[in-house]
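> Here's a structure for you.
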Amino acid sequence: MEVIETHIKDLLIIKPKVFEDARGYFFESYNEGVFKKHGIDANFIQDNQSLSNSGVLRGLHFQSPPFAQGKLVRVINGAVLDIAVDIRKNSATYGQHVSIELTEENKTMFYIPPGFAHGFLTLRDNTIFSYKCTNLYNKASEGTVLWNDSDLHINWNIQNPILSDKDIMGTPFKEFISPF
């Protein structure tokens with residue numbers, strides 16, 4: 001596995017070593033020892049999976065402490081534009097984001113620790129997105145930052161995505177009070 005640091009501390013891109021032949025492929029999607037070696041000392045306790053068609057945008061979501069979640073995300077089928085926004089108020093990169101394309105072909109994973117708002121835009125129909133989470137979901141602890149807030153400068157490359165009511169009503173970043 002190749003672990004790549006981003007310009008935001010603790011956000012990591014993980015590229016597995018893929019073994020392909022005429023039968024298909026094999027790769028290691030998680031290895032506790034490798035992850036710990038690169039500073040990811042996470043105990044994953046919940047796995048989630050979603051299916052979305054092209055143009056669906058989910059996010060920017062987070063869970064407040066004590067239910068904050070770290071996530072290891074990847075695409076099983078299809079493709080997404082994945083975004084993580086630093087919402088750690090004492091961070092030098094507060095309000096900055098990392099954007100990466102995750103696809104079934106590149107098999108790239110993205111580690112997003114607690115203290116980040118996360119979202120993704122589905123780029124193909126029938127995209128299956130997988131999340132390994134470090135904490136259980138708690139509805140009362142969920143928060144949403146407005147996906148298209150101009151202060152965040154995120155280029156989603158879409159004008160009218162398909163959104164949930166929750167995502168339409170996300171908190172503008174200027175009004176957001178970070179619990180981190």
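> Do any of Lys36/Lys174; Lys15/Lys174; Lys132/Lys166; Lys9/Lys107 go past 29 Å between their Cα atoms, and which?
Long pairs (Cα-Cα over 29 Å): Lys36/Lys174; Lys15/Lys174.
> Send over the semi-axes of region 73-180's equivalent ellipsoid, whole angstrom and largest first, taken as the square roots of 5 times the C-alpha gyration tensor eigenvalues.
After scaling each eigenvalue by five and taking roots: 22, 16, 14 Å.
> Now for a different question. Taking region 107-180, which trypsin sites (Lys or Arg not before Pro) meet the DSSP loop condition and have no more than 16 other C-beta atoms within 10 Å?
Passing both the DSSP loop test and the Cβ count: Arg124.
> What are the extents of the Cα atoms of the chain along their three principal axes, in Å, largest first?
Principal extents (largest minus smallest coordinate, Cα): 53, 35, 29 Å.
> While we're here: How many percent of DSSP beta bridges within the chain run antiparallel, rounded to 5?
Around 95 percent antiparallel, to the nearest 5.
> Could you compute the longest span of the chain free of GluC sites (Glu not before Pro) located in DSSP loops and having at most 12 other Cβ atoms within 10 Å, not counting the site residues? Could you put the intermediate results ahead of the total?
Working: sites that count: Glu28, Glu105.
Result, exposed sites excluded: 29-104.
> What is the calculated FRET efficiency for His38 to Thr171, with r their C-beta to C-beta distance and R₀ = 30 Å, to the nearest 0.05?
0.40
Bear in mind that the values in this text are calculations on the coordinates, not laboratory data. No experiment lies behind these values; they were computed from the predicted model shown. For neighbour counting, all protein chains shown are included, and Cβ atoms are generated from backbone atoms with ideal geometry for every residue, glycine included.
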